[in-house]
């Protein structure tokens with residue numbers, strides 16, 4: 001079992017690679033989900049493992065991985081899971097309790113929605129897993145969560161799968177105090193952080209949290 005955070009690179013978009021690079025910390029274990037390897041290589045890094053059917057990775061990137069001795073876990077192209085889904089399986093097998101997924105947003109809408117939905121897998125209920133592209137992070141809140149940023153960052157809370165009850169926030173401009181949010185409401189969209197750390201708790205249901213960072217302040221963090 002590992003104690004380090006696992007960072008999975010998917011094959012979505014990274015608006016600014018240099019900003020996303022700052023999210024990778026020393027000691028992180030990197031896994032490439034198929035062509036997500038392109039982002040790792042562009043950062044001048046190497047994954048410990050790469051997984052997928054490797055139908056979308058370039059021949060040049062594939063050669064770089066194999067030449068560097070990266071462990072390649074191959075799956076048939078006719079499979080029932082996406083490459084990211086397989087990479088999450090692998091991270092759990094490695095004993096991960098904290099997973100960051102980079103480049104899982106943007107590009108094809110169906111893939112983006114699928115990637116967001118993957119976070120609701122039952123076996124991830126006790127795992128801190130978030131999608132991030134450097135400019136925004138996306139994750140689910142089923143009980144409580146902290147959001148780290150700067151004053152002015154936007155935070156949207158979207159009820160997921162039904163009503164969210166007992167929603168309580170700290171560190172946001174417009175506080176929610178033990179409120180119930182219906183899936184059809186826009187009540188908790190575009191709130192603003194007033195501190196460097198905000199906190200959200202919920203007594204029942206689930207919230208999709210989207211944290212949008214202020215671009216002008218990212219390079220100052």
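The values are calculated or read from the model by the stated rules, or taken from the named source; none is laboratory data. What you see is a predicted model, and the numbers here were worked out from it, not measured in a lab. Neighbour counts are summed over all protein chains in view; Cβ atoms, including those assigned to glycine, are modelled from backbone coordinates with ideal geometry.
Yes or no, residue by residue, for (1) at pLDDT 95 or above; (2) over 15 Å from residue 11 (Cβ atoms):
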{"residue": "70", "(1), (2)": "yes, yes"}
{"residue": "75", "(1), (2)": "no, no"}
{"residue": "80", "(1), (2)": "no, yes"}
{"residue": "87", "(1), (2)": "yes, no"}
{"residue": "91", "(1), (2)": "yes, yes"}
{"residue": "99", "(1), (2)": "yes, yes"}
{"residue": "107", "(1), (2)": "no, no"}
{"residue": "126", "(1), (2)": "no, yes"}
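Among the residues in the stretch 133-152, are any in contact with a strand residue (DSSP E or B) (Cβ under 6 Å, 6 or more places away or on another chain), free of Cβ contacts under 8 Å to residues at least 60 places away in the same chain and farther than 18 Å from residue 196 by Cα?
No, the conditions are met nowhere in the stretch 133-152.
Considering 113, 109, 168, 90, which residue is without any contact (Cβ under 8 Å) to a residue 60 or more places away in the chain, in contact with a strand residue (DSSP E or B) (Cβ under 8 Å, 6 or more places away or on another chain), surrounded by fewer than 20 Cβ atoms within 10 Å (Cβ to Cβ) and closer than 19 Å to residue 35 by Cα?
On the way: 113 fails: in contact with a strand residue (DSSP E or B) (Cβ under 8 Å, 6 or more places away or on another chain); 109 fails: in contact with a strand residue (DSSP E or B) (Cβ under 8 Å, 6 or more places away or on another chain); 168 fails: closer than 19 Å to residue 35 by Cα.
Of the residues listed, the single one that is without any contact (Cβ under 8 Å) to a residue 60 or more places away in the chain, in contact with a strand residue (DSSP E or B) (Cβ under 8 Å, 6 or more places away or on another chain), surrounded by fewer than 20 Cβ atoms within 10 Å (Cβ to Cβ) and closer than 19 Å to residue 35 by Cα is 90.
Which of the residues belonging to the stretch 46-87 are at positive phi and either surrounded by 12 or more Cβ atoms within 10 Å (Cβ to Cβ) or assigned to a helix (DSSP H, G or I) (or both)? Write out each step before concluding.
Step one: list which residues in the stretch 46-87 are at positive phi, which gives 52, 54, 69.
Across the stretch 46-87, the qualifying residues are 52, 54.
Which of the residues belonging to the stretch 168-197 are under 19 Å from residue 137 (Cβ atoms), more than 21 Å from the chain's Cα centre (by Cα) and in a strand (DSSP E or B)?
169, 170, 172
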